[in-house]
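Step one of this worksheet: look at the structure below.
The values are calculated or read from the model by the stated rules, or taken from the named source; none is laboratory data. All values reported here derive from a predicted model rather than from experimental measurement. Cβ placement follows ideal geometry from the backbone for every residue including glycine, while neighbour counts extend to all protein chains displayed. With ligands, DNA and RNA removed, areas are computed over all heavy atoms of the protein, side chains included. Shrake-Rupley method; radii C 1.70, N 1.55, O 1.52, S 1.80 Å.
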Amino acid sequence: MQEVWISIGILCPCLGGVPYASLVATILCFSGVALFCGCGHVALTGTLTILENHFSKVTSDHAMLTDVIQLMQYVIYGIASFFFLYGIILLAEGFYTTSAVKELHSEFKTTICGRCISGMFVFLTYILGIAWLGVFGFSAVPVFLFYNMWSTCTAMRSPVANLTNVDTICVDIRQYGIIPWNAAPGKACGSTLGDICNTSEFYLSYHLYIIACAGAGATVIALIHFLMILSANWAYLKDASRMHAYQDIKLKEEQELHDITSRSKECLNSYT
């Protein structure tokens, strides 16, 4: 039992230097980016399969869309790699700032370079937060499109609808600008539309887009959290530098006063 208390006593100082706010923001950022990138990549592949099988059976009609989807998947790889490194850097910056504040009255001193780096992270995180707001809005678009198809299929299957001719109910993908107007068939009606909604690609892609949108929202929240942390850390570092400057001036004044007192005593001793 005594060994347990000794271990806890050793760990407590170490746990006191952990930036818990930065740690939570990093975990949230990693989770959001992982959900957005992983689910978004698979959902884009499923979307392309649905378009090729049901809405645009001529390859040349959706060649540009195929290139755009492949480009977006490569961008997803880059986003995942960048935010993995950026999250680790921000977490390390949180450890650095926490140590600087905890050891404010010791030999540890912040530098102008350190404060400039903290300010640069504040600006960069602000820009990334605005960019991810755009990503969050963009990721809601496929959710809206798939929801329209799903609600149309649900309305066709509903017994309350009392439809005499379900073949008149159609979903035209061409009106959203995803594929050109000359794409054939370009739309799905009646039982064909119902069959599309029953496919595993549609069901999986729809729910993955929802999860990807939620992941983008979680990333926005994480970046806002990081922005608040970095702003507070920058203010702490600024106050720490001022405190160190004040302590240096105070120490010099005390040293000068001690020197004056010593010389005065020496002069008195010489006269006596």
Counting just the residues of the range 15-27 that are surrounded by 19 or more Cβ atoms within 10 Å (Cβ to Cβ) and assigned to a helix (DSSP H, G or I), which one comes out modelled with the lowest pLDDT? Ser22
Residue among Thr49, Thr66, Thr26 that is free of Cβ contacts under 8 Å to residues at least 24 places away in the same chain and polar (S, T, N, Q): Thr66
In the range 188-236, how many residues are open to solvent by less than 10 Å² (accessible area, probe 1.4 Å), among the polar types (S, T, N, Q) and at pLDDT below 90? 0
Taking only pairs six or more apart or across chains, which ones have beta-carbon atoms under 7 Å, a first residue in the range 167-190 that is touching a residue at least 60 places away in the same chain (Cβ under 8 Å) and more than 20 Å from Ile69 (Cβ to Cβ), and a second residue that is polar (S, T, N, Q) and assigned to a strand (DSSP E or B)? none
Subset of the range 164-188 [outside any loop (DSSP other than H, G, I, E, B) and either within 17 Å of Leu145 (Cβ to Cβ) or touching a Phe, Trp or Tyr at 6+ places or on another chain (Cβ under 9 Å) (or both)]: Cys170, Val171, Asp172, Ile173, Arg174, Gln175, Tyr176, Pro185, Lys187, Ala188
For the range 136-154, check the following and say yes or no: at least one residue is assigned to a helix (DSSP H, G or I), surrounded by fewer than 17 Cβ atoms within 10 Å (Cβ to Cβ) and modelled with pLDDT under 80. no
Mind checking which residues of the range 69-88 are open to solvent by 40 Å² or more (accessible area, probe 1.4 Å), over 15 Å from the mean Cα position of the chain (by Cα) and touching a residue at least 24 places away in the same chain (Cβ under 8 Å)? Met72
